[in-house]
Amino acid sequence: MLTENHLKSAYQEAFRLAADKLAHCDASEVCSNSRATFDPEAASFRIDFFGTTHEVVQATGAVTRLGSSAEVPITEQALILHYLTHAKASHLTGRVISFMEVPGGGSIYCPSFKLRAVDPMVKAFANQSELFAKAASRLGGVPESMGNRSFTLKVFPLVPVTYVVWAGDDEVPASGTILFDASVADFLPVEDIVLAASFGTYRLVGAAKEAKS
């Protein structure tokens, strides 16, 4: 089992590799594929991540959150770089799929996906539909018609993620699922889809705590 230090080292290495790749990418192609913008004077990209603009220096991969002095966690930095470097010349399909249906290994990562993204969402919102709505609203979530309550968050411009919860009763336990546009593997590697979905769950849980205070 990986320790916290090993995980941090792994993400730092992932960041280093992605930063090197980004430095050699064609900026206009990156922008076209990811819907980022590029500032030639600063030689940096700007990309929305959960509705907040982040700046990414192309030469180094350094990521900062505009309007904030707080350091961006290395996991988020690596994810942002992976989106910029992985995004292909694709488009949203409007058709949602489960994580199991994600091509390239969704079924392999299902246990991790359930543990890190789905289970915490169900635990927080199974019988708290109004709190779920308040939390999603704080994050700019768009209401959907699935489950008892469902909302779509835009992780990146071309990576919408839909969080769905079914309330339980005396006979049926509460449950939930997280859905993706069928194009998601064109924009993130499978492992990073797990990370992106879990970040959305963590943000929803955090927003719910703020709504209650």
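Listing for the model above:
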| quantity | calculated |
| --- | --- |
| Top-ranked residue of the range 108-134 - restricted to ones that are exposed (fewer than 15 other Cβ atoms within 10 Å of the Cβ) and over 19 Å from Phe151 (Cβ atoms), ranked as modelled with the highest pLDDT | Leu115 |
| Tabulated pairs, the range 89-112, first more than 18 Å from Val155 (Cα to Cα), second polar (S, T, N, Q) and part of a strand (DSSP E or B), C-beta under 9 angstrom, 6+ apart or interchain | Gly106/Ser98 |
| Counted residues, the range 79-106 - those being in a strand (DSSP E or B) and of a type in the set (S, T, N, Q) | 1 |
| Answer from Thr3, Thr93, Thr37, Thr64 - the residue that is at pLDDT below 95, over 15 Å from the mean Cα position of the chain (by Cα) and of a type in the set (Ser, Thr, Tyr) | Thr3 |
| Residue count, the range 139-191 (criterion: over 12 Å from the mean Cα position of the chain (by Cα), among the β-branched types (Val, Ile, Thr) and modelled with pLDDT of 95 or more) | 4 |
| Test for Ser28: is it among the polar types (S, T, N, Q), free of Cβ contacts under 8 Å to residues at least 24 places away in the same chain and out of contact with any Lys or Arg (no Cβ under 6 Å at 6 or more places or on another chain) | yes |
| Filter pass, Phe50 being surrounded by fewer than 20 Cβ atoms within 10 Å (Cβ to Cβ), in contact (Cβ under 8 Å) with a residue 60 or more places away in the chain and among the aromatic types (Phe, Trp, Tyr) | yes |
| Filtered residue count, the range 149-208, keeping only those that are more than 14 Å from Ile80 (Cα to Cα) and either among the charged types (D, E, K, R) or outside the structural domain of Cys110 (by TED's automatic domain parsing) (or both) | 7 |
| Filtered residues of the range 53-84 (kept if loosely packed, with under 15 Cβ neighbours inside 10 Å and β-branched (Val, Ile, Thr)) | Thr53, Thr60 |
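The values are calculated or read from the model by the stated rules, or taken from the named source; none is laboratory data. Source: prediction; values computed, not measured. Reconstructed Cβ throughout: ideal geometry from the backbone, glycine too, with neighbour counts over all protein chains shown.
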